[in-house]
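Trainee: Mind looking over this structure? Questions follow.
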Amino acid sequence: MGHYVHINVCFACDKNEGVAALAEKHLPETEECREAKWFLEDLAKRTGNNPGPKGGLSTWGMVGNYTDEEEFVEVLRPFWKDLLSDVDEGPCSFEHVLVFVEHEQTERATAFEIYRDDDDDAETLTVKKHECPFSWMQM
């Protein structure tokens with residue numbers, strides 16, 4: 001029997017090539033979390049533009065089985081730091097990465113808000129967990 005876990009990742013990204021190169025660089029670090037590896041593998045293959053009138057978004061999602069969302073976010077910490085530091089056409093250092101998670105039959109989503117507090121300190125990364133007042137899945 002399975003236990004479904006929905007994960008959705010979203011961040012500002014106009015062009016995929018800079019983020020793809022960064023994802024490729026971080027792939028070897030993700031061996032202990034298969035979902036993090038799948039995320040980086042998918043990003044590493046992306047090319048082209050993400051259109052939008054004020055900029056594009058990079059979005060990725062999957063349904064896992066007993067996925068550990070805390071591990072997913074933590075294993076990717078080095079990637080998040082680099083992503084929010086200086087990636088060509090990726091998010092600016094003042095922007096946030098959002099990771100939405102919802103476990104089967106919980107009737108409530110959780111969001112991880114990932115950002116840097118200080119533009120001058122590339123080592124500091126803040127991860128906040130929020131309970132969301134909504135649900136995507138069936139009850």
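Coordinate-derived values only; no laboratory data. Because the structure is predicted, anything quoted here is derived from the model rather than measured.
Trainee: Hey, what angle do you get for helix 34-45 against the long axis of the chain, alpha-carbon based, 0 to 90 degrees rounded to 10?
Mentor: The angle comes out at about 40 degrees.
Trainee: OK, next. According to the Cα gyration tensor, what semi-axes, each the square root of 5 times an eigenvalue, does the equivalent ellipsoid of the range 4-131 have, listed from largest to smallest in whole Å?
Mentor: Working through the eigenvalues yields semi-axes of 22, 16, 15 Å.
Trainee: How large is the helix-only mean residue ellipticity at 222 nm for the chain, computed as the sum of -39500 (n - 2.57) over DSSP H runs with n ≥ 4, divided by its residue count, in deg cm²/dmol to the nearest 500? Before the final figure, lay out each step's value.
Mentor: Working: 4 runs with 36 residues, N = 139.
For the chain, the value works out to -7500 deg cm²/dmol.
Trainee: On a C-alpha basis, how far is the centre of the range 51-67 from the centre of the range 74-139 in Å? Whole number, if you could?
Mentor: Between the Cα centres of the range 51-67 and the range 74-139 lies a distance of 12 Å.
Trainee: Okay, next question. For the range 6-80, compute Rg over Rh where Rg is the Cα radius of gyration and Rh is the Kirkwood radius from the inverse mean 1/r over Cα pairs. It would help to have the intermediate numbers written out before the result.
Mentor: Numbers: Rg = 12.4 Å, Rh = 12.8 Å.
Rounded to two decimals, Rg over Rh is 0.97.
Trainee: Give me the percent relative contact order of the chain, please, defined on Cα pairs under 8 angstrom at least 6 residues apart.
Mentor: Reported as a whole number, the value is 29 percent.
Trainee: How big is the Cα convex hull of the range 68-114 in projection, averaged over all directions, in nm²?
Mentor: 3.7
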